Amino acid sequence: MNSFLIGLQFLTRIHIVRQTVWTAEDFGRSTRFFPLVGLVLGICYAIAAWLLIFSGIFFGMSAVIAALLLILQLVLTGGLHADGFMDTADGVLSGRERERKLEIMKDSRVGSFGVVSFVMLMILQFALLHDMTPYLLLPALFVMPIIGRMAMVLAVSCFPYARKDGVGKTFADMADRRTVVIAAVTTAVLVVPIGFLATIALILGTIFALLFCRAMTKSLGGVTGDVYGAATVLTETLVLAVFSIASTHPNVWGLFWGLLWK
C-alpha cells in the first residue's frame, strides 16, 4: 500500500497521505503500481466527463468540454509528463550529438521545439476529444491513463537508462521482470473488460511505447525520466485516437482486427 501511495504522490497531485521520506526501494516497488495510479486518474477523468456531458451546463458545447478535460489532465498530473515530453522534444529535435541532447533535456528552461511540439500535441488531443462521441468518451478517458502508465513501466523496465544518475534511474535500477508482469496483468485486468476498442488501444499502445523507447534509445543511448513522460503522453494520445477514429468510422477497427488475424 505504501508503494502505491508513493507512486500516486509522485505521478499526480493527488496526495491521500503526506509522505516526505522516500527510499530508493520505495521508488522501485512503486513502479509496478503505476497502472493503478492510472486507474485513479481514469476514474477522475471519466467522472468529470460524465458530469460535464450529462449535467446539462455545457449542453451542445463539446469544444468547451474537450478543453476542460485537457486542463483537468494537466491539473491532476501537475504537468509532470507534459514537461517530460517538452524536454524530450527539445533534445531529440535539436539535431545535436548525444551528450548535447541530454544536456538540453536536463535544462529546466523550455525551448522552441518543446513549446511547438506541446502546442501541436494539445491541438491534436483537443481535436480527438472533440470528435469523440459521448458514449465512447467515458471509456476512452478511463483506460487512457492506465495504458499510458503501462507505457511508462515498459520504458522503465525494458530499456537502459541514458544517464549515470537522476530520479528516473532510481526507478530503472529497481525495476525487473516481475515489475513488468505485475503491471501488465493489472493493466489487462483493468482494460480488457472495458471492451474491444480498449483492447485494441492496449495492443497498439504497447507496440507504440516499445517502438518509441527503442527509437529514443538509439538517439540518446537509453531513456531518461523525460522520455518516460513523453512515452506516457504520446501513448495516451494514441489511445484517444483509437476511440476517436471509431467514433467517425465505426467499422475500421473490426476490419483491422480481421486483417490482423486473417
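Given the condition of a type in the set (V, I, T), in a loop (DSSP other than H, G, I, E, B) and touching a residue at least 60 places away in the same chain (Cβ under 8 Å), answer yes or no: does some residue in segment 133-144 qualify? Yes, segment 133-144 has at least one match.
The helices (runs of 4 or more DSSP H) falling completely within segment 151-239 that include 2 or more residues that are farther than 30 Å from E97 by Cβ and either in contact (Cβ under 8 Å) with a residue 60 or more places away in the chain or within 16 Å of the chain's Cα centre (by Cα) (or both) map to 177-191, 196-220.
Of the numbered criteria (1) without any contact (Cβ under 8 Å) to a residue 24 or more places away in the chain; (2) open to solvent by 70 Å² or more (accessible area, probe 1.4 Å); (3) under 27 Å from I245 (Cα atoms), the one G79 fails is (2).
Of the residues I14, I57, only one is in contact (Cβ under 8 Å) with a residue 24 or more places away in the chain, open to solvent by 30 Å² or more (accessible area, probe 1.4 Å), among the hydrophobic types (A, V, I, L, M, F, W, C) and part of a loop (DSSP other than H, G, I, E, B); which? Give the steps one after another, and end with the answer.
Details: I57 fails: in contact (Cβ under 8 Å) with a residue 24 or more places away in the chain.
Testing whether each residue is in contact (Cβ under 8 Å) with a residue 24 or more places away in the chain, open to solvent by 30 Å² or more (accessible area, probe 1.4 Å), among the hydrophobic types (A, V, I, L, M, F, W, C) and part of a loop (DSSP other than H, G, I, E, B) leaves just I14.
Filtering segment 194-213 to residues that are within 20 Å of N251 (Cβ to Cβ) and open to solvent by 60 Å² or more (accessible area, probe 1.4 Å) leaves I194, F196, I203. The lone criterion from (1) hydrophobic (A, V, I, L, M, F, W, C); (2) more than 24 Å from V64 (Cβ to Cβ); (3) out of contact with any Leu (no Cβ under 9 Å at 6 or more places or on another chain) left unmet by V92 is number (3).
Can you tell me which residue among F59, F27, F85 is more than 27 Å from A215 (Cα to Cα) and hydrophobic (A, V, I, L, M, F, W, C)? Give the derivation first.
Numbers: F27 fails: more than 27 Å from A215 (Cα to Cα); F85 fails: more than 27 Å from A215 (Cα to Cα).
Of the residues listed, the single one that is more than 27 Å from A215 (Cα to Cα) and hydrophobic (A, V, I, L, M, F, W, C) is F59.
Return the only residue of I47, I6 being at pLDDT below 90 and either under 19 Å from A231 (Cβ atoms) or in a helix (DSSP H, G or I) (or both). Result of the check over I47, I6: I6. A count restricted to segment 63-84 and to residues that are of a type in the set (A, V, I, L, M) and either closer than 16 Å to G42 by Cα or not in a helix (DSSP H, G or I) (or both) stands at 9.
The residues listed here are R109, R29, R96; of these, the one that is part of a helix (DSSP H, G or I), open to solvent by 40 Å² or more (accessible area, probe 1.4 Å), over 14 Å from V233 (Cα atoms) and among the basic types (K, R) is R29. In segment 118-136, the qualifying residues are those that are modelled with pLDDT of 95 or more and farther than 21 Å from I207 by Cα, and the one that is least open to solvent (accessible area, probe 1.4 Å) is L129. In the set (1) within 26 Å of K218 (Cβ to Cβ); (2) of a type outside the set (K, R); (3) open to solvent by 20 Å² or more (accessible area, probe 1.4 Å), the condition left unmet by G91 is number (3).
The values are calculated or read from the model by the stated rules, or taken from the named source; none is laboratory data. Bear in mind that the values here come from a model prediction, so they are computed numbers and not experimental data. All Cβ positions, even for glycine, are placed from backbone atoms using ideal geometry, and neighbour counts span all protein chains on display. Heads up: the accessible areas ignore ligands, DNA and RNA and are worked out on the full protein's heavy atoms, side chains in. Shrake-Rupley method; radii C 1.70, N 1.55, O 1.52, S 1.80 Å.
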